[in-house]
Amino acid sequence: METITTVLGALMTLPPLLLYLLLGAGAAVENVAPPVPADTFVLAGALLAAQGAADPWTVFLVTWSFNVASAVGVYAVAWHYGARFFKMPIARWLLREHQLEQIGSFYETWGIPAIFFSRFLPAWRAMVPVFAGVSRAKWWKVVPPMLVASALWYGILVYVGTIMARSLETLVRWFGSVNNVLLWIALALAAAVGIWWWRTRHRQDEP
């Protein structure tokens, strides 16, 4: 708790523009570096808003727009260069051609709900736009669900962080509990994908 209080105190000394840019950049980094959670920056902004050092609507809009813009950028890069990368010999250690075709079929059928729910899950929210781009999923199946899901999740975080700011220990406990549930769901999905990857790995690529 003391560390959190110290960090918040340091952030409160920043000029508003620099503070919002820092929160937005922190929310955006997650899409290229999943170990850096955007949720932490959103909650930090909410706590600062509760103390009058920031505006809650601005915190929401900045973190939401930066995060989604970063995810769309990752999707666009994967769209243009992903297929080329997976044609390289080294990429066959990751995914083979018939596996990529199956991923493309999955996005074609389940792309919208898959992308929507992935925005709530650690690590998955960074990986799903990548493979959506590689499989050339249509933008209208990718961007709108990212916009809506991220808006819902960040809106919840800003709201809860603002109203629970007076009890920092309760907020940390709540966030830890929610994050643990989401993490277990993410791990279960990772296990399922791992089983699929192993079972389809050694099938012969169709000509």
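For the reader, a short list of remarks on this structure follows.
- Being open to solvent by 50 Å² or more (accessible area, probe 1.4 Å), out of contact with any strand residue (DSSP E or B) (no Cβ under 6 Å at 6 or more places or on another chain), over 25 Å from A83 (Cα atoms) and assigned to a helix (DSSP H, G or I) is a description that does not apply to L189.
- Boolean, W174 is among the hydrophobic types (A, V, I, L, M, F, W, C), closer than 22 Å to A50 by Cα, free of Cβ contacts under 8 Å to residues at least 24 places away in the same chain and open to solvent by 50 Å² or more (accessible area, probe 1.4 Å): yes
- From the options L19, L14, L8, residue that is more than 29 Å from A132 (Cα to Cα), open to solvent by less than 80 Å² (accessible area, probe 1.4 Å), among the aliphatic types (A, V, I, L, M) and in a loop (DSSP other than H, G, I, E, B): L14
- The single condition among (1) open to solvent by 40 Å² or more (accessible area, probe 1.4 Å); (2) at pLDDT below 90; (3) closer than 25 Å to V178 by Cβ that W57 does not satisfy is (2).
- Among the residues of the stretch 122-151, those identified as among the hydrophobic types (A, V, I, L, M, F, W, C), over 9 Å from the mean Cα position of the chain (by Cα) and open to solvent by 40 Å² or more (accessible area, probe 1.4 Å) are V130, F131, W139, W140, L147, V148.
- Check on E169, under 23 Å from V74 (Cβ atoms) and open to solvent by 50 Å² or more (accessible area, probe 1.4 Å): no
- Within the stretch 25-143, helices (runs of 4 or more DSSP H) holding 1 or more residues that are under 26 Å from R166 (Cα atoms): 38-50, 56-85
- Any chance R119 is surrounded by fewer than 18 Cβ atoms within 10 Å (Cβ to Cβ) and basic (K, R): no
- Residues satisfying the stated conditions in the stretch 42-54, i.e. open to solvent by 30 Å² or more (accessible area, probe 1.4 Å) and within 15 Å of L168 (Cα to Cα): A50, Q51
- Note on the stretch 157-166: residues that are in a helix (DSSP H, G or I), surrounded by 14 or more Cβ atoms within 10 Å (Cβ to Cβ) and among the hydrophobic types (A, V, I, L, M, F, W, C) total 3.
The values are calculated or read from the model by the stated rules, or taken from the named source; none is laboratory data. For clarity, every value in this text was computed on a predicted model and none was experimentally measured. Backbone-built Cβ (ideal geometry, glycine too); neighbour counts: all protein chains shown. Quick note on the areas: whole protein, heavy atoms, side chains included, nothing else; ligands and nucleic acids left out. Shrake-Rupley method; radii C 1.70, N 1.55, O 1.52, S 1.80 Å.
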